[in-house]
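Presented below is the structure to which this report refers.
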Amino acid sequence: MTLLRPKFNEGQILSAGDLGKTVDYARYADAAHGRTQHTWGVVTGLELSKVDQATPEGDKFIDVHLTPGIAIDPSGRRIVVEAEQLLSTVQFNNLGVAGANEPDALYPVYVIGVDRPQAAQSPGACASNSPTRVAEAFQIDFGRPGSETAVLAPPAVAFDASPGIGMRVLVGYVAWNPNLAGGKFIAISPASPTGAVRYAGVRAAEVVAPKGSVVLHTQDTGKRFALSLAEDGQGGCKLLFGSRQGAGAIKETFSVNEKGDVTFSGAWKVQLPTAPVAESGAIFHGLRVPLPAGVSEAAVAAGQFTAHVVVAPLALGVSTTEYPIQVECRVDADRRVSSIVMWRTLTGDDYRLSPAACQYLVVAAPTS
């Protein structure tokens with residue numbers, strides 16, 4: 001598809017279609033950016049909150065609200081919820097998504113972008129009452145437990161597709177008691193055993209900081225954790241991790257400079273395996289058998305692990321003039337391999353000794 005950008009000329013008679021194309025072009029560009037340079041999901045807000053309530057008999061339930069926010073659906077369409085929304089128990093009941101006996105079920109809550117044509121403000125010159133505005137609105141929907149697995153893995157959207165409508169974005173879960181005052185919500189959650197709220201991200205092979213520093217934060221404001229990469233203006237650079245309060249300086253916990261010097265304020269902890277670990281392979285004469293991954297020489301020297309090593313000859317082929325005889329294949333207390341092969345001529349008149357490879361198996365077992 002060739003993307004057509006509207007172009008107008010002096011004296012041109014503009015039709016509604018001509019002007020509509022200017023809007024369509026901008027909407028396509030925005031949606032294409034949203035679904036290709038970003039990953040879809042909640043951008044900000046759109047969290048479920050609760051207000052505790054009780055029936056006259058004292059049975060507890062909650063009113064569930066959806067906070068204002070923005071999401072990008074898989075088509076790249078922007079969904080804007082401009083004000084707090086009260087989730088409707090009547091709508092939930094009418095959808096029939098709740099089973100008769102599901103006391104522990106979590107029902108997914110979605111937002112969906114919808115187009116709603118608006119009535120004309122006043123009739124046009126030809127007395128047309130066709131809508132002159134389209135509200136890019138939203139609606140809240142509910143689903144059966146587990147239906148979010150398909151929502152979280154939607155089919156691919158074509159590059160030339162318009163923003164479209166009706167692609168769901170998960171914003172949380174509610175629990176439901178059908179026997180309480182005609183049906184009430186009783187709990188909320190951002191995740192279930194089969195899915196969780198997905199947040200929008202960025203697709204990029206490279207991130208460039210024009211001022212020489214870039215910072216990642218775990219939260220928008222308040223006390224949060226930060227990862228900073230910054231040049232010092234003198235040819236150096238530091239990668240720093242720590243906590244930060246508001247816009248204050250990052251309280252350093254760990255850092256490494258451009259020379260590879262590491263500074264940290266905590267303890268150096270190594271998590272050793274708690275069960276025997278093994279590794280096998282081939283090794284050449286004179287080399288030391290390596291320890292399995294996660295087991296250090298210091299741990300063996302300190303008696304935390306005992307290394308058990310077995311070596312065996314490798315099968316060697318017969319040439320047109322010689323055949324091999326394994327003379328030695330062993331490993332010493334330092335795990336150093338001795339592997340010697342004698343090659344005899346087929347006539348038996350001569351021989352030569354040669355170092356060779358062998359196979360090994362090492363098992364490191366914790367001593368306690």
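The values are calculated or read from the model by the stated rules, or taken from the named source; none is laboratory data. Computed from a predicted model, the values in this text were never measured in an experiment. Cβ atoms come from the backbone with ideal geometry, glycine included; neighbour counts cover every protein chain shown.
The condition (being in contact with an Asp or Glu (Cβ under 7 Å, 6 or more places away or on another chain) and either over 26 Å from P74 (Cβ atoms) or modelled with pLDDT of 90 or more (or both)) is satisfied by just one residue among G242, G246: G242. Considering the stretch 86-116, the residues that are of a type in the set (G, A, S) and in a loop (DSSP other than H, G, I, E, B) include one that is surrounded by the fewest Cβ atoms within 10 Å (Cβ to Cβ), namely A100.
Residues in the stretch 234-256 that are part of a strand (DSSP E or B) and closer than 21 Å to V208 by Cα: C237, K238, L239, L240, F241, S255, V256.
What do you reckon, is G76 at pLDDT below 95, farther than 15 Å from V109 by Cα and in contact with a Pro (Cβ under 9 Å, 6 or more places away or on another chain)? Yes, satisfied.
Listed here are the strands (runs of 3 or more DSSP E) enclosed by the stretch 149-233 that have at least 1 residues being within 30 Å of K60 (Cα to Cα) and of a type outside the set (D, E, K, R): 169-177, 184-189.
Scanning the stretch 129-148 for residues that are in a loop (DSSP other than H, G, I, E, B), modelled with pLDDT of 90 or more, more than 13 Å from V169 (Cβ to Cβ) and of a type outside the set (S, T, Y) gives R144, P145, G146. Against the conditions (1) under 30 Å from P155 (Cα atoms); (2) out of contact with any Phe, Trp or Tyr (no Cβ under 6 Å at 6 or more places or on another chain); (3) at pLDDT 90 or above, where does A26 fall short? Just the number, please. Result: A26 fails condition (3) only.
Could you please let me know if V341 is in a strand (DSSP E or B) and under 30 Å from S354 (Cβ atoms)? For V341, the condition - in a strand (DSSP E or B) and under 30 Å from S354 (Cβ atoms) - is met. The residues listed here are V42, V51; of these, the one that is buried (at least 16 other Cβ atoms within 10 Å of the Cβ) and not aromatic (F, W, Y) is V42. Evaluated against (1) surrounded by 12 or more Cβ atoms within 10 Å (Cβ to Cβ); (2) part of a strand (DSSP E or B), R352 falls short on exactly one condition, (1). One residue stands out among those in the stretch 22-49 that are of a type in the set (S, T, Y) and within 19 Å of the chain's Cα centre (by Cα): the one that is nearest to V174 (Cα to Cα), which is T44. Considering only residues in the stretch 259-288 that are of a type in the set (S, T, N, Q) and surrounded by fewer than 10 Cβ atoms within 10 Å (Cβ to Cβ), the one that is nearest to the chain's Cα centre (by Cα) turns out to be Q271.
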